[in-house]
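Inspection log for the structure reproduced underneath, given as structure tokens.
The values are calculated or read from the model by the stated rules, or taken from the named source; none is laboratory data. Please read these numbers as outputs of a predicted model, since none were measured by experiment. Counting neighbours? That spans all protein chains shown, and the Cβs are built from the backbone with ideal geometry, glycine included. Surface accessibility is based on the protein's heavy atoms, side chains included, excluding ligands, DNA and RNA. Shrake-Rupley method; radii C 1.70, N 1.55, O 1.52, S 1.80 Å.
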Amino acid sequence: LYMQAEPGRRDEAFRQSETILRQLRQLPPGAGNDFTLSTADSIIATFDSISVRIALVTVALAAVSLLIGAIGIANVMFISVTERTREIGVRRALGARRGEVLVQFLLEAAFLSGIGGIAGVSLALLIGVLLTFVVSGFSAVAPLWAVTSGIVSSVVVGLTAGYWPARRAALLDPVEALRHD
């Protein structure tokens, strides 16, 4: 049943509706209602509550995805440092400072994660455009701020994940690095 109250008399209409429904259902005094009355405010509050929960789950999933990506980038960077130990030793022996080696590997990590971020955002935009064409009246195209923040966050995660391997590369002793097979 849908009811509309006169302006300023919603609470009174709510009480009257409850009384009428209790009489129609022959509920004794003191018994609980076997029906539910909802107002527009309560429905909006329910939708708001659901929206907050969906947003929290989305943020949690994004955080897990970023963590998994960070672990992957760190592993790739550790492998890169291990495979290029002699190269690092040669660079250091020829006068490259630790900071230069650190920046080299941080830039590599940022580049890798930036490429991944661009690929992910591009795929998401493509899916959004396709959904917009398939489902009429539905716009799933991401705003510019979301695209930018996706790419920036992937680069930041790459830099963060690549710092430890880059630091390890920068701290290598040139003599020991040149002996590495």
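For the chain, the calculated P(r) over all alpha carbon pairs, in 5 Å bins from 0 to the bin holding the longest distance, is 1, 7, 10, 11, 9, 8, 7, 6, 6, 6, 6, 5, 4, 3, 3, 3, 2, 1, 0 percent. Relative to the longest principal axis of the C-alpha atoms of the chain, give the angle of the C-alpha long axis of helix 144-170, reported between 0 and 90° and rounded to the nearest 10°. So the inclination is approximately 40 degrees. One Cα centroid belongs to segment 1-63, the other to segment 115-181; the line between them spans 44 Å. A quarter of the convex hull surface defined by the alpha-carbon atoms of segment 115-181 gives 6.5 nm² as the mean projection. A crude spin-label estimate for the pair residue 126 and residue 64, with each label 7 Å from Cα along the Cβ direction, gives 2.5 nm.
Working ranking of peptides 105-117, 141-153, 28-40, 164-176 by packing, defined as the average number of other Cβ atoms within 10 Å per residue, highest first, is 105-117, 164-176, 141-153, 28-40.
When each of the peptides 43-50, 119-126, 72-79 is scored by how many other beta carbons lie within 10 Å of its residues on average, the order from highest to lowest is 72-79, 119-126, 43-50.
For the chain, the fraction of 1.4 Å probe accessible surface lying on carbon and sulfur atoms is 67 percent. Dividing the summed helix terms, -39500 (n - 2.57) for each DSSP H run of n ≥ 4, by the number of residues in the chain produces a 222 nm estimate of -27000 deg cm²/dmol to the nearest 500. Compared with the dominant principal axis of the Cα atoms in the chain, helix 40-83 is inclined by about 10°. Sparsely packed loop sites in segment 1-39 (the trypsin sites (Lys or Arg not before Pro) outside DSSP H, G, I, E and B with at most 14 other Cβ atoms within 10 Å) comprise 9, 25.
Here segment 30-177 is assigned +1 on the Cβ of each Lys and Arg and -1 on the Cβ of each Asp and Glu. Its dipole about the Cα centre then comes out at about 680 debye.
For the chain, the longest principal axis of the Cα atoms and the long axis of helix 10-24 meet at an angle of about 60 degrees. Between the beta carbons of residue 115 and residue 47, assuming R0 = 30 Å, the FRET efficiency works out to 0.20 to the nearest 0.05.
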